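Below is one structure, written out as structure tokens; the observations come after it.
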Amino acid sequence: MEKIKIFAPATVANVSCAFDVLGFPLQETGDVMTFLKTSETGVKIRMLGNSNLPTEAERNVAGVVALAMLERKSSGFGVEIEIDKRIKPGSGIGSSAASAAGAAFGMNLILGEVFNQNELIEFAMLGEKLASGVAHADNVAPCITGGFALVRSYEPLDVIRIESPDELYVTILHPQIEVKTSDSRRVLKKELPLKTAVKQWGNIASLISALHTSDYELLGRSLEDIIIEPIRSVFIPLFYEVKQAAKDAGTLGSGISGSGPSIFALSKGLETATKAAEAMKKVYAQTDIEFDIHVSKIAATGCRLL
Ligand code: HSE
């Protein structure tokens, strides 16, 4: 293919208890990227709109992914990538991941589908490494696979797509304040008491079981994070008030989306998810912080050709 346009979805990573190992994509919120094959070698990046993101390929999240893929394939041509960045950087809904995974997905089409899904995730992780200093895969993996993606292992990379209940919806409140993933990782404790770890992995295991068996009640009980949330929530104004509002609206559970500041809540059915959006909005309407609200079904597909 000479020219293609793709959609790369926003993603929710961690899903409360599953830090760095679980995530899922949204249906309509995401970036749009256009790839044009050029006879001149190298990668050119063009950002649409007013973005402060670097356009030098080596410093751009999509750029590093594209360069690595061109180099691996010794392609002999170059690519121009135009990025319509609709997900705000530092939002907690996988902004860098959409650029990185979108680049991996789009470049693979330009190159003639020479790489498999695992390789695409590995390439996309290079973008995450550039963005946050850590090559975490819990945003890029679901951005490519669609549905819930579980990173069973990083070395070697082993990603498993997990089926999820049909009626599962997410509501996301995105306060317009920027929290850099690199900053919100720096504050985390490097070691854990065994007792804490036991409680957390109990929840992760039951969350996966709940997804498989469509046990909404168990899913709700499993959305508990006793390790990361208590530390990162201090960066998110009215975090616990939003959580309470989501709970009162009947959601299954809620937590920090990725590294924040977005807050997500999962619901059974669109009606509850929409009700939660209203309730969460009301909390933030008391502040002078601007915010966005997204309500979405869990997307079964990740990046897609437009
Ligand atoms: N697992 C990553 C983190 C996700 O929480 O730092 C970042 O979106």
Looking only at segment 199-206, decide whether some residue is part of a helix (DSSP H, G or I), farther than 24 Å from LYS281 by Cβ and aromatic (Phe, Trp, Tyr).
yes
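Could you tell me which of the residues LYS190, LYS195 is outside any loop (DSSP other than H, G, I, E, B) and more than 21 Å from the chain's Cα centre (by Cα)? Steps first, answer last, please.
Numbers: LYS190 fails: outside any loop (DSSP other than H, G, I, E, B).
Answer to the check: LYS195.
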Of the residues in segment 86-121, how many are at negative phi and buried (at least 21 other Cβ atoms within 10 Å of the Cβ)?
20
Quick one: is ARG221 more than 16 Å from the ligand (Cβ to nearest atom) and touching a Gly at 6+ places or on another chain (Cβ under 9 Å)?
yes
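Do we have any residue at all in segment 147-165 that's more than 28 Å from SER267 (Cβ to Cβ), within 16 Å of the ligand (Cβ to nearest atom) and open to solvent by less than 10 Å² (accessible area, probe 1.4 Å)?
Of all residues in segment 147-165, those more than 28 Å from SER267 (Cβ to Cβ) come to 153-158.
Now restrict to residues that are within 16 Å of the ligand (Cβ to nearest atom): 153-154, 157.
Filter once more, keeping what is open to solvent by less than 10 Å² (accessible area, probe 1.4 Å): none.
So far as segment 147-165 goes, no, none of its residues is more than 28 Å from SER267 (Cβ to Cβ), within 16 Å of the ligand (Cβ to nearest atom) and open to solvent by less than 10 Å² (accessible area, probe 1.4 Å).
Counting only residues that are among the β-branched types (Val, Ile, Thr) and modelled with pLDDT of 95 or more, which one in segment 163-186 is nearest to LYS275 (Cα to Cα)? Reasoning before the result, please.
To start, the set of residues in segment 163-186 that are among the β-branched types (Val, Ile, Thr) comprises 170-172, 177, 179, 181.
Next, only the ones that are modelled with pLDDT of 95 or more stay: 170-172.
On the way: VAL170: 11, THR171: 9, ILE172: 12 Å.
Within segment 163-186, the match that is nearest to LYS275 (Cα to Cα) is THR171.
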Options THR272, THR301, THR213, THR251: the member that is polar (S, T, N, Q), more than 26 Å from SER184 (Cβ to Cβ) and surrounded by 16 or more Cβ atoms within 10 Å (Cβ to Cβ)
THR272
Within segment 21-132, helices (runs of 4 or more DSSP H) holding 3 or more residues that are out of contact with any Cys (no Cβ under 7 Å at 6 or more places or on another chain) and within 16 Å of the ligand (Cβ to nearest atom):
95-110, 117-132
Charged (D, E, K, R) and within 15 Å of the ligand (Cβ to nearest atom): is that true of GLU178 in this structure?
yes
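Residues checked against (1) under 30 Å from ILE231 (Cβ atoms); (2) touching a strand residue (DSSP E or B) at 6+ places or on another chain (Cβ under 7 Å):
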site: THR11; (1), (2): yes, yes
site: THR38; (1), (2): no, yes
site: ARG46; (1), (2): no, yes
site: ALA62; (1), (2): no, yes
site: GLU71; (1), (2): no, no
site: ILE81; (1), (2): no, yes
Considering only residues that are of a type in the set (Val, Ile, Thr) and over 21 Å from VAL295 (Cβ atoms), look in segment 225-262 and name the one that is nearest to the ligand (Cβ to nearest atom).
ILE228
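The values are calculated or read from the model by the stated rules, or taken from the named source; none is laboratory data. This is a predicted model, so every value here is computed, not measured. Note: ideal-geometry Cβ built from the backbone for every residue, glycine included; neighbour counts use all protein chains shown. When the accessible area is computed, the model is the full protein with side chains, heavy atoms only, and any ligands, DNA or RNA have been set aside. Shrake-Rupley method; radii C 1.70, N 1.55, O 1.52, S 1.80 Å.
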